[in-house]
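The values are calculated or read from the model by the stated rules, or taken from the named source; none is laboratory data. Here the structure is a predicted model, which is why all the values come from computation and not from measurement. No Cβ is skipped: glycine too gets one built from the backbone with ideal geometry, and neighbour counts run over all protein chains shown. With ligands, DNA and RNA removed, areas are computed over all heavy atoms of the protein, side chains included. Shrake-Rupley method; radii C 1.70, N 1.55, O 1.52, S 1.80 Å.
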Amino acid sequence: MKIYNFCVIGGDFRTIACSNKLAGLGNNVKVFGFDDTSSFDEKITITSDIKESLNDAQYVLLPLPYSSSNGVISAPLFKKKIEIDELISHLDSRQTILAGKIDDSLSSVLDARKIKYFDYFNCEDFSVKNAVPTAEGAIEIAIRELPITLSGSNCLVTGFGRISKLLSSLLKSFGAHVTVSARRHSDIAWITAMGYEALYINELSDSIHKYNVIYNTVPHKIFHKELLKKINKDCLLIDLASKPGGVDFDAAQKLGLNIIWALSLPGKVAPLTAGEIITDTVLNIIKEQEVK
C-alpha cells in the first residue's frame, strides 16, 4: 500500500479518529490544533507550530466544516484561533487541500495560489455512508425526547434524499406509522412502492396536526409560520437539514413548539464511525486522482 504524508489541522473527535486510522494504515501523520493529544495514536507527530506541521505534507486535511467563523479554521478542541490566512501563507502548489464544505471565499484564494483542493463533503460515497449515523442519531433524539414509544407513533419525514430513505426504513422497523413527503411525482411513486404513506409537500397543511414526530431533511424553509401553527403542541419537530434549515425557528419558538435543530449528528453520536468515513472518502479521492 502506498504511503502518504498528511498534515491534519483542527477539527473535533471525528478528526482524531480519522488521524488515527490514517496512521494505522501506515501513513505519516502530523497534527496541529489540539490541546489534549492523549487520544492520538503514538505513531502520530504532534506539532505546536502550523508551519512545522505543513513541512513535507502532501495532503492537508481540514475538518468538516472547515471553518467555524469567517477567517478561522474550525478547531473546537483548541483554545487558540487558527487563522485561515496563516495556513494559506505556508502552503505551496505541490500540496493538496482536503476539506469539508469548501466555500467560494476559500476556493477563490486557493485557485489564485494554484493550490489543488477537494471537498470530501460533496462526494457521493461520503454522503451515503454519513447518512447512516445521521439517521441513527435522529432516532436516538426521538427516543430520548418523546414521552411515547416510536412504535405506534405517527411519524412524518419531509424530503426523500439519502437520509430520509434510511431514516424512514429505521422508523418503520421500530413499528412507527411512517409518512414521507416529497415534491416530485417519481419520489411519491417510490415512497408508495416502499410501503410508506406518501404526501406531497404542498399538501402538508391538511394533515400536519396528526403527527407525534416530524423530521425535516429539506434545506429550504418549508415549515413557515402558517404551517407551524397547525402542528400539534405535543409534537417533536427535528430539523436534520443543513443551514439555513427548513424551519422558521423564530416562529416555532414563539409558538412554543418542541423543536431541535440537529446539525452534525455523525460527529456527536458516532465520532469514530464518522472519522472512519472521512478517512475512506479522502483515500478514495487520492486514489481516483492518481488514476487520472
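Quick check on my filter: what residues within region 104-120 are in contact with a Phe, Trp or Tyr (Cβ under 9 Å, 6 or more places away or on another chain) and surrounded by 14 or more Cβ atoms within 10 Å (Cβ to Cβ)?
Correct list: Leu106, Ser107, Leu110, Asp119, Tyr120.
When region 168-199 is examined, which residues are found to be open to solvent by 30 Å² or more (accessible area, probe 1.4 Å) and not in a helix (DSSP H, G or I)?
Hits for region 168-199 are Phe174, Gly175, His177, Arg183, Arg184, Met194, Gly195, Glu197, Ala198.
Those residues that are over 24 Å from the mean Cα position of the chain (by Cα), hydrophobic (A, V, I, L, M, F, W, C) and farther than 18 Å from Ser207 by Cβ, I need them from region 231-254; list them, please.
Let us first name the residues in region 231-254 that are over 24 Å from the mean Cα position of the chain (by Cα), namely 231-235, 251, 253-254.
When the remaining residues are screened for being hydrophobic (A, V, I, L, M, F, W, C), the result is 231, 235, 251.
The one that is over 24 Å from the mean Cα position of the chain (by Cα), hydrophobic (A, V, I, L, M, F, W, C) and farther than 18 Å from Ser207 by Cβ: Ala251.
Would you check if there is a residue in region 128-138 being more than 30 Å from Ile286 (Cα to Cα), modelled with pLDDT of 95 or more and more than 13 Å from the chain's Cα centre (by Cα)?
Looking through region 128-138, none of the residues is more than 30 Å from Ile286 (Cα to Cα), modelled with pLDDT of 95 or more and more than 13 Å from the chain's Cα centre (by Cα).
In the set Glu136, Glu203, Glu140, which member is part of a helix (DSSP H, G or I), charged (D, E, K, R) and either closer than 18 Å to Gly246 by Cβ or in contact with a Gly (Cβ under 7 Å, 6 or more places away or on another chain) (or both)?
Only one candidate passes the filter, namely Glu203.
With the condition kept exactly as written, say whether any residue in region 260-278 is surrounded by 14 or more Cβ atoms within 10 Å (Cβ to Cβ) and part of a strand (DSSP E or B).
yes
Would a scan of region 211-219 turn up a residue that is aromatic (Phe, Trp, Tyr) and either touching a Gly at 6+ places or on another chain (Cβ under 7 Å) or surrounded by fewer than 19 Cβ atoms within 10 Å (Cβ to Cβ) (or both)?
Among the residues of region 211-219, not one is aromatic (Phe, Trp, Tyr) and either touching a Gly at 6+ places or on another chain (Cβ under 7 Å) or surrounded by fewer than 19 Cβ atoms within 10 Å (Cβ to Cβ) (or both), which makes the answer no.
Hand me the list of helices (runs of 4 or more DSSP H) wholly inside region 1-103 holding 3 or more residues that are touching a residue at least 60 places away in the same chain (Cβ under 8 Å) and open to solvent by 10 Å² or more (accessible area, probe 1.4 Å). Working first, answer last.
Values: elements: 13-24, 50-54, 84-89.
In region 1-103, the matching helices (runs of 4 or more DSSP H) lie at 13-24.
Which of the residues spanning region 276-292 are among the acidic types (Asp, Glu) and at pLDDT below 95?
Glu288, Glu290
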